[in-house]
Amino acid sequence: MSRRRKTIHKRTIADPRYHSVLITELIGVVLKQGKKTIAEQIVYTALDLLDKKVEGEGSPLDKFEECLENIKPKLEVKSRRIGGANYQVPMEVAPDRAKALALRWLLTAARNRTEANMAQRLAAELVAAKNNEGNAIRKKQDVHKMAEANRAFAHFRF
């Protein structure tokens, strides 16, 4: 039994333009040094660019959600110490953690791109994720390969 207290999850307020909690979380990840209005401008501009670059029906929010679904990992490895040895044990990823990892990988990949400004970088990475390309998708594939390679230790999961 864990000695820690249960964490209290705060309810996130939806963003004003798309009325989505997911967009609010993306703004929070993009946020640097407390400059929320700049982070909002970056995210909204990136979503507008995504809507222009990707054909098809649906709002920019639907397209963004599809991109994020492509990035979310299904499996990851966690280190377990058993009998004096450390094993990388593959485990399924909880939905909240998958979303957090996807947002983090998306932002890291966008920051490493070479476009002119952050909104264009984020939009380009979202377009790449929509097409199952880009560094965020590569990170997901690397995590899945690691889990597949360590499948022999899956019986240590508990």
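The values are calculated or read from the model by the stated rules, or taken from the named source; none is laboratory data. Since this is a predicted model, take the numbers as computed values, not measurements. Positions of Cβ are backbone-derived with ideal geometry, glycine not excepted, and every protein chain shown enters the neighbour counts.
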So residue 149 fits all but one of (1) modelled with pLDDT under 95; (2) touching a Pro at 6+ places or on another chain (Cβ under 6 Å); what number is the exception? (2)
When segment 7-63 is examined, which residues are found to be touching a Lys or Arg at 6+ places or on another chain (Cβ under 9 Å), without any contact (Cβ under 8 Å) to a residue 24 or more places away in the chain and under 21 Å from residue 113 (Cα atoms)? 27, 28, 38, 39, 51
Please verify whether segment 3-12 includes one or more residues that are touching a Phe, Trp or Tyr at 6+ places or on another chain (Cβ under 8 Å) and either hydroxyl-bearing (Ser, Thr, Tyr) or closer than 17 Å to residue 129 by Cβ (or both). no
Matching residues in segment 66-99 - criterion: being part of a helix (DSSP H, G or I) and loosely packed, with under 15 Cβ neighbours inside 10 Å: 69, 95, 96, 97
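How many residues are of a type outside the set (A, V, I, L, M), closer than 12 Å to residue 30 by Cα and in contact with a helix residue (DSSP H, G or I) (Cβ under 6 Å, 6 or more places away or on another chain) when one looks only at segment 107-120? Break it down into steps so the answer makes sense when it comes.
As a first pass, look at segment 107-120 and keep what is of a type outside the set (A, V, I, L, M): 108, 111-115, 117, 120.
From what's left, closer than 12 Å to residue 30 by Cα: 108, 111.
Then drop every residue that is not in contact with a helix residue (DSSP H, G or I) (Cβ under 6 Å, 6 or more places away or on another chain), which leaves none.
Selection size over segment 107-120: 0.
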Selection from segment 115-145 of residues at negative phi and either among the polar types (S, T, N, Q) or touching a strand residue (DSSP E or B) at 6+ places or on another chain (Cβ under 8 Å) (or both) yields 117, 120, 131, 135, 141, 143, 144
Tally up the residues in segment 125-138 that are free of Cβ contacts under 8 Å to residues at least 60 places away in the same chain and out of contact with any Gly (no Cβ under 6 Å at 6 or more places or on another chain), please. 5
Of all residues in segment 1-47, which are among the aromatic types (Phe, Trp, Tyr) and part of a loop (DSSP other than H, G, I, E, B)? 18
